[in-house]
1. Ratio of region 161-310's C-alpha Rg to 2.2 N^0.38 Å, to two decimals?
2. At 0.36 nm per residue, minus the direct Cα-Cα distance, what do Ile294 and Gln256 gain on full extension? Give it in nm, one decimal, please.
3. Could you work out how much longer the chain between Glu200 and Glu133 gets when fully extended? Use 0.36 nm per residue separation minus the Cα distance between them, nm to one decimal.
4. Run the dipole for region 97-193 about the Cα centre, Lys and Arg Cβ at +1, Asp and Glu Cβ at -1, nothing else charged, and hand back the magnitude in debye, nearest 20.
5. What trypsin sites (Lys or Arg not before Pro) does region 254-327 have in DSSP loop regions with at most 12 other beta carbons within 10 Å?
6. Diagonalise the Cα gyration tensor of region 83-224 and give the resulting equivalent ellipsoid semi-axes, square root of 5 times each eigenvalue, largest first, whole Å.
7. So, in Å, what gap is there between the alpha-carbon centers of region 294-327 and region 205-268?
8. What figure in square angstrom, to the nearest 10, would you give for the accessible area of Met74 with a 1.4 Å probe?
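The values are calculated or read from the model by the stated rules, or taken from the named source; none is laboratory data. Quantities reported herein were computed from a predicted structural model and do not represent experimental measurements. Here the Cβ positions follow ideal geometry from the backbone for every residue, glycine too, while neighbour counts run over all protein chains shown. Just so you know, the surface numbers come from the protein's heavy atoms only, side chains and all, with ligands and any DNA or RNA stripped out. Shrake-Rupley method; radii C 1.70, N 1.55, O 1.52, S 1.80 Å.
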Amino acid sequence: MKKIEDRNSIIIKANLPAGQGRKTDSHKKSRVKRCFALIAALSACAFSGCSLALKEAETRNLEEDRLVGVFVTMQHLDNGTPEFVMNSAGEIVIKENREGIPGKLILDEAGPYKVVFEGIEGYGIYSVKVRDEALGGDCYYGIGDDAFSDTYWQTGEKDIIETTIYVSREGPDCFYFNPVYQTAQGETYMQPGNGLSFTEKTEGVSFTHTLSQDKKITEDGRESVSGSSFTIHVSFAETPAAYRLLFLTEDNSVEQVMTGEELLKTVENGQWELRIPDETAYLILEQENERGEITRIFCDRGEESLEFLQSLGGGILAKQQMSLCWE
(Lines give C-alpha, C1' and ligand atoms only; values in the text may rest on other atoms or scores of the structure.)
Protein backbone atom coordinates (compact mmCIF):
# COMPACT_ATOMS: atom_id res chain seq x y z
CA MET A 1 0.00 0.00 0.00
CA LYS A 2 1.33 3.44 -0.94
CA LYS A 3 0.40 6.56 0.98
CA ILE A 4 1.36 9.97 -0.37
CA GLU A 5 1.33 13.19 1.63
CA ASP A 6 2.02 16.44 -0.17
CA ARG A 7 3.40 19.71 1.11
CA ASN A 8 3.88 22.78 -1.07
CA SER A 9 5.93 25.56 0.46
CA ILE A 10 7.17 28.98 -0.53
CA ILE A 11 10.27 30.46 1.09
CA ILE A 12 11.33 34.05 0.53
CA LYS A 13 14.60 35.46 1.89
CA ALA A 14 16.30 38.77 1.28
CA ASN A 15 19.98 39.47 1.80
CA LEU A 16 19.97 43.25 1.82
CA PRO A 17 20.14 46.35 4.00
CA ALA A 18 16.88 47.36 5.67
CA GLY A 19 14.42 49.25 3.49
CA GLN A 20 15.73 48.03 0.13
CA GLY A 21 13.11 45.41 -0.63
CA ARG A 22 9.79 44.04 0.44
CA LYS A 23 7.57 41.06 -0.12
CA THR A 24 4.84 41.79 -2.63
CA ASP A 25 1.44 40.19 -2.20
CA SER A 26 0.74 38.85 -5.67
CA HIS A 27 -2.89 38.12 -4.81
CA LYS A 28 -3.74 41.67 -3.78
CA LYS A 29 -5.52 42.39 -7.05
CA SER A 30 -7.51 39.14 -6.86
CA ARG A 31 -8.53 39.81 -3.25
CA VAL A 32 -9.86 43.24 -4.18
CA LYS A 33 -12.06 41.71 -6.86
CA ARG A 34 -13.15 38.94 -4.50
CA CYS A 35 -14.14 41.49 -1.88
CA PHE A 36 -16.58 43.28 -4.20
CA ALA A 37 -18.04 39.98 -5.40
CA LEU A 38 -18.46 38.85 -1.77
CA ILE A 39 -20.45 42.00 -0.90
CA ALA A 40 -22.80 41.31 -3.80
CA ALA A 41 -23.20 37.70 -2.73
CA LEU A 42 -23.99 38.65 0.89
CA SER A 43 -26.61 41.09 -0.31
CA ALA A 44 -28.26 38.32 -2.31
CA CYS A 45 -28.22 36.05 0.74
CA ALA A 46 -30.01 38.65 2.85
CA PHE A 47 -33.00 38.48 0.51
CA SER A 48 -33.01 34.77 -0.29
CA GLY A 49 -32.21 33.34 3.17
CA CYS A 50 -29.41 31.13 1.92
CA SER A 51 -26.15 30.49 3.80
CA LEU A 52 -22.61 31.34 2.66
CA ALA A 53 -19.73 28.86 2.79
CA LEU A 54 -16.24 29.80 1.64
CA LYS A 55 -15.02 26.72 -0.17
CA GLU A 56 -12.87 25.95 -3.18
CA ALA A 57 -14.44 23.92 -5.91
CA GLU A 58 -13.30 22.26 -9.10
CA THR A 59 -9.58 22.99 -8.67
CA ARG A 60 -6.62 21.43 -10.37
CA ASN A 61 -4.98 18.72 -8.31
CA LEU A 62 -1.84 20.58 -7.26
CA GLU A 63 -1.07 17.79 -4.80
CA GLU A 64 -0.76 15.25 -7.59
CA ASP A 65 0.70 17.44 -10.33
CA ARG A 66 4.46 17.83 -10.14
CA LEU A 67 6.17 21.18 -9.62
CA VAL A 68 8.53 21.32 -12.61
CA GLY A 69 9.62 24.92 -12.87
CA VAL A 70 9.37 28.63 -12.26
CA PHE A 71 8.40 31.26 -14.82
CA VAL A 72 9.62 34.71 -13.77
CA THR A 73 7.56 37.67 -14.98
CA MET A 74 7.70 41.40 -14.43
CA GLN A 75 3.92 41.67 -14.09
CA HIS A 76 1.40 39.94 -11.85
CA LEU A 77 -0.54 37.26 -13.71
CA ASP A 78 -4.31 37.39 -13.30
CA ASN A 79 -5.88 33.95 -13.31
CA GLY A 80 -9.42 35.28 -13.56
CA THR A 81 -12.08 36.49 -11.13
CA PRO A 82 -13.58 33.87 -8.76
CA GLU A 83 -17.20 32.87 -9.43
CA PHE A 84 -19.90 32.43 -6.76
CA VAL A 85 -22.19 29.44 -7.27
CA MET A 86 -24.82 27.68 -5.16
CA ASN A 87 -24.26 24.03 -4.28
CA SER A 88 -26.88 21.33 -3.62
CA ALA A 89 -27.03 22.24 0.08
CA GLY A 90 -28.08 25.79 -0.69
CA GLU A 91 -24.69 27.20 0.18
CA ILE A 92 -22.88 29.78 -1.91
CA VAL A 93 -19.38 28.55 -2.62
CA ILE A 94 -16.38 30.24 -4.20
CA LYS A 95 -15.45 28.62 -7.48
CA GLU A 96 -11.97 29.92 -8.13
CA ASN A 97 -10.33 29.65 -11.51
CA ARG A 98 -7.52 27.23 -10.66
CA GLU A 99 -7.19 25.69 -14.09
CA GLY A 100 -3.94 27.57 -14.53
CA ILE A 101 -2.38 29.19 -17.56
CA PRO A 102 -1.56 26.50 -20.14
CA GLY A 103 1.97 26.12 -21.40
CA LYS A 104 3.36 24.48 -24.52
CA LEU A 105 6.46 22.32 -24.31
CA ILE A 106 8.62 22.88 -27.40
CA LEU A 107 10.78 19.94 -28.53
CA ASP A 108 13.37 19.26 -31.20
CA GLU A 109 15.47 16.23 -32.12
CA ALA A 110 17.44 16.48 -28.86
CA GLY A 111 14.36 16.81 -26.68
CA PRO A 112 12.54 19.74 -25.02
CA TYR A 113 14.26 23.10 -24.95
CA LYS A 114 11.56 25.65 -24.05
CA VAL A 115 8.15 26.06 -22.42
CA VAL A 116 6.01 28.79 -23.99
CA PHE A 117 3.10 30.61 -22.36
CA GLU A 118 1.37 32.39 -25.21
CA GLY A 119 1.31 36.16 -24.93
CA ILE A 120 3.27 36.26 -21.65
CA GLU A 121 6.83 37.57 -21.45
CA GLY A 122 9.26 36.22 -18.90
CA TYR A 123 12.08 33.80 -18.15
CA GLY A 124 11.61 30.15 -17.27
CA ILE A 125 13.66 27.35 -15.78
CA TYR A 126 12.34 23.79 -15.61
CA SER A 127 12.93 20.12 -14.93
CA VAL A 128 10.32 18.50 -17.18
CA LYS A 129 9.38 14.90 -17.87
CA VAL A 130 8.99 13.64 -21.44
CA ARG A 131 8.01 10.17 -22.57
CA ASP A 132 10.68 8.50 -24.71
CA GLU A 133 9.00 5.78 -26.75
CA ALA A 134 12.34 4.48 -28.04
CA LEU A 135 13.53 3.84 -24.50
CA GLY A 136 10.12 2.79 -23.28
CA GLY A 137 10.24 5.15 -20.30
CA ASP A 138 10.26 8.71 -19.03
CA CYS A 139 13.21 11.07 -19.42
CA TYR A 140 13.79 14.23 -17.36
CA TYR A 141 15.26 17.36 -18.93
CA GLY A 142 16.62 20.46 -17.22
CA ILE A 143 16.06 23.52 -19.41
CA GLY A 144 16.30 27.25 -18.81
CA ASP A 145 16.39 30.59 -20.57
CA ASP A 146 19.58 32.65 -21.04
CA ALA A 147 18.68 34.95 -18.15
CA PHE A 148 19.64 32.27 -15.62
CA SER A 149 23.30 32.06 -14.57
CA ASP A 150 25.37 30.00 -12.11
CA THR A 151 22.79 27.22 -12.33
CA TYR A 152 23.18 24.20 -10.07
CA TRP A 153 21.20 21.03 -10.77
CA GLN A 154 20.83 18.01 -8.49
CA THR A 155 18.67 15.12 -9.56
CA GLY A 156 17.42 12.21 -7.49
CA GLU A 157 14.39 11.51 -5.33
CA LYS A 158 14.14 15.29 -5.07
CA ASP A 159 15.26 17.59 -7.87
CA ILE A 160 17.12 20.64 -6.53
CA ILE A 161 17.73 23.58 -8.84
CA GLU A 162 19.48 26.77 -7.73
CA THR A 163 20.19 29.66 -10.08
CA THR A 164 20.80 33.42 -10.29
CA ILE A 165 19.34 36.29 -12.31
CA TYR A 166 21.72 39.25 -12.55
CA VAL A 167 19.99 42.63 -12.80
CA SER A 168 21.36 46.10 -13.51
CA ARG A 169 20.03 49.41 -12.21
CA GLU A 170 18.03 49.74 -15.42
CA GLY A 171 16.37 46.38 -14.79
CA PRO A 172 12.83 45.59 -13.64
CA ASP A 173 11.56 46.95 -10.32
CA CYS A 174 9.67 43.77 -9.51
CA PHE A 175 9.79 40.05 -10.26
CA TYR A 176 6.95 37.55 -9.86
CA PHE A 177 7.86 33.89 -9.38
CA ASN A 178 5.10 31.78 -10.93
CA PRO A 179 5.13 28.01 -10.25
CA VAL A 180 4.83 25.71 -13.25
CA TYR A 181 3.29 22.25 -12.89
CA GLN A 182 3.14 19.16 -15.09
CA THR A 183 0.31 16.65 -15.06
CA ALA A 184 0.68 12.89 -15.28
CA GLN A 185 -0.29 13.23 -18.95
CA GLY A 186 2.66 15.58 -19.59
CA GLU A 187 0.68 18.82 -19.87
CA THR A 188 2.24 21.95 -18.35
CA TYR A 189 0.45 24.89 -16.77
CA MET A 190 1.32 27.89 -14.62
CA GLN A 191 -0.26 29.40 -11.52
CA PRO A 192 0.17 33.06 -10.49
CA GLY A 193 2.89 33.40 -7.88
CA ASN A 194 4.26 35.79 -5.30
CA GLY A 195 6.60 38.65 -6.07
CA LEU A 196 9.45 40.76 -4.79
CA SER A 197 9.81 44.48 -5.47
CA PHE A 198 12.98 46.53 -5.19
CA THR A 199 13.19 50.15 -4.00
CA GLU A 200 16.95 50.36 -4.54
CA LYS A 201 19.33 48.37 -6.72
CA THR A 202 22.72 48.45 -5.09
CA GLU A 203 25.53 46.41 -6.60
CA GLY A 204 26.14 43.28 -4.53
CA VAL A 205 22.69 43.19 -2.92
CA SER A 206 20.80 39.94 -3.50
CA PHE A 207 17.37 38.46 -2.83
CA THR A 208 16.36 34.81 -2.70
CA HIS A 209 13.03 33.18 -3.54
CA THR A 210 12.39 29.44 -3.21
CA LEU A 211 9.48 27.34 -4.48
CA SER A 212 9.39 23.73 -3.31
CA GLN A 213 7.12 20.71 -3.31
CA ASP A 214 7.61 17.66 -1.08
CA LYS A 215 5.75 14.37 -1.28
CA LYS A 216 6.13 11.92 1.61
CA ILE A 217 5.71 8.39 0.29
CA THR A 218 5.06 5.43 2.60
CA GLU A 219 5.44 2.06 0.89
CA ASP A 220 5.74 -1.29 2.66
CA GLY A 221 6.39 0.49 5.93
CA ARG A 222 9.25 2.58 4.55
CA GLU A 223 9.11 6.33 4.15
CA SER A 224 10.80 8.42 1.48
CA VAL A 225 10.48 12.00 0.24
CA SER A 226 10.34 13.06 -3.38
CA GLY A 227 9.64 16.38 -5.00
CA SER A 228 11.43 19.42 -6.35
CA SER A 229 12.90 22.70 -5.17
CA PHE A 230 13.68 25.82 -7.21
CA THR A 231 15.77 28.56 -5.61
CA ILE A 232 16.28 31.77 -7.56
CA HIS A 233 18.69 34.47 -6.44
CA VAL A 234 18.23 37.99 -7.78
CA SER A 235 21.58 39.77 -7.65
CA PHE A 236 22.26 43.36 -8.66
CA ALA A 237 25.35 44.15 -10.71
CA GLU A 238 26.82 46.86 -12.90
CA THR A 239 26.14 46.81 -16.63
CA PRO A 240 29.47 46.52 -18.47
CA ALA A 241 29.64 49.25 -21.09
CA ALA A 242 32.97 48.12 -22.56
CA TYR A 243 35.37 45.17 -22.37
CA ARG A 244 39.01 44.65 -23.17
CA LEU A 245 40.98 41.43 -22.76
CA LEU A 246 44.74 41.89 -22.41
CA PHE A 247 47.31 39.14 -23.05
CA LEU A 248 50.49 39.83 -21.02
CA THR A 249 53.93 38.22 -20.93
CA GLU A 250 56.20 37.45 -18.00
CA ASP A 251 57.77 40.94 -18.18
CA ASN A 252 54.23 42.47 -17.95
CA SER A 253 54.20 43.74 -21.53
CA VAL A 254 50.99 43.55 -23.57
CA GLU A 255 51.39 41.24 -26.55
CA GLN A 256 47.77 41.10 -27.71
CA VAL A 257 44.46 42.87 -27.11
CA MET A 258 41.00 41.44 -27.76
CA THR A 259 38.29 44.09 -27.98
CA GLY A 260 34.91 43.74 -26.36
CA GLU A 261 33.26 43.32 -29.75
CA GLU A 262 35.59 40.44 -30.58
CA LEU A 263 35.01 38.82 -27.19
CA LEU A 264 31.22 39.00 -27.41
CA LYS A 265 31.24 37.85 -31.04
CA THR A 266 33.22 34.79 -29.99
CA VAL A 267 30.55 33.94 -27.41
CA GLU A 268 27.64 34.66 -29.75
CA ASN A 269 29.17 32.32 -32.35
CA GLY A 270 29.12 29.52 -29.79
CA GLN A 271 32.90 29.38 -29.37
CA TRP A 272 33.25 28.69 -25.68
CA GLU A 273 36.97 27.91 -25.76
CA LEU A 274 39.67 30.58 -25.93
CA ARG A 275 43.16 29.49 -26.97
CA ILE A 276 45.97 31.34 -25.19
CA PRO A 277 49.41 31.67 -26.90
CA ASP A 278 52.44 30.10 -25.26
CA GLU A 279 54.01 33.52 -24.69
CA THR A 280 51.11 34.68 -22.53
CA ALA A 281 51.75 34.51 -18.78
CA TYR A 282 48.40 35.89 -17.62
CA LEU A 283 45.25 37.66 -18.76
CA ILE A 284 43.52 40.82 -17.59
CA LEU A 285 39.85 41.42 -18.40
CA GLU A 286 39.02 45.11 -18.10
CA GLN A 287 35.35 46.03 -17.71
CA GLU A 288 34.20 49.64 -17.79
CA ASN A 289 30.79 50.67 -16.49
CA GLU A 290 28.65 53.56 -17.67
CA ARG A 291 30.29 55.92 -15.18
CA GLY A 292 33.72 55.22 -16.63
CA GLU A 293 34.88 53.12 -13.66
CA ILE A 294 37.08 50.16 -14.57
CA THR A 295 37.28 46.81 -12.81
CA ARG A 296 39.92 44.20 -13.65
CA ILE A 297 39.84 40.41 -13.48
CA PHE A 298 43.20 38.59 -13.47
CA CYS A 299 43.65 35.05 -14.82
CA ASP A 300 47.00 33.39 -14.22
CA ARG A 301 48.36 30.70 -16.54
CA GLY A 302 46.65 27.43 -15.78
CA GLU A 303 43.27 28.84 -14.75
CA GLU A 304 40.49 26.95 -16.45
CA SER A 305 37.88 29.60 -17.23
CA LEU A 306 37.09 33.28 -17.63
CA GLU A 307 33.74 34.70 -16.53
CA PHE A 308 32.07 38.00 -17.37
CA LEU A 309 28.59 39.54 -17.52
CA GLN A 310 26.85 40.28 -20.80
CA SER A 311 23.75 42.43 -21.23
CA LEU A 312 20.69 40.67 -22.66
CA GLY A 313 18.69 43.89 -22.82
CA GLY A 314 16.02 45.19 -20.49
CA GLY A 315 18.46 45.38 -17.60
CA ILE A 316 19.02 41.61 -17.47
CA LEU A 317 22.61 40.36 -17.41
CA ALA A 318 23.85 36.85 -18.19
CA LYS A 319 27.11 35.43 -16.89
CA GLN A 320 29.20 33.97 -19.70
CA GLN A 321 31.96 31.47 -19.10
CA MET A 322 34.78 30.70 -21.54
CA SER A 323 37.17 27.79 -21.16
CA LEU A 324 40.83 28.82 -21.30
CA CYS A 325 43.14 26.55 -23.31
CA TRP A 326 46.75 27.45 -22.52
CA GLU A 327 49.18 26.40 -25.24
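1. Output field value: 1.50.
2. Roughly 11.8 nm would be gained on extension.
3. 19.1 nm
4. 240
5. Arg291
6. So the three semi-axes of region 83-224 are 29, 26, 18 Å.
7. Distance between centres, Cα-based: 11 Å.
8. 50
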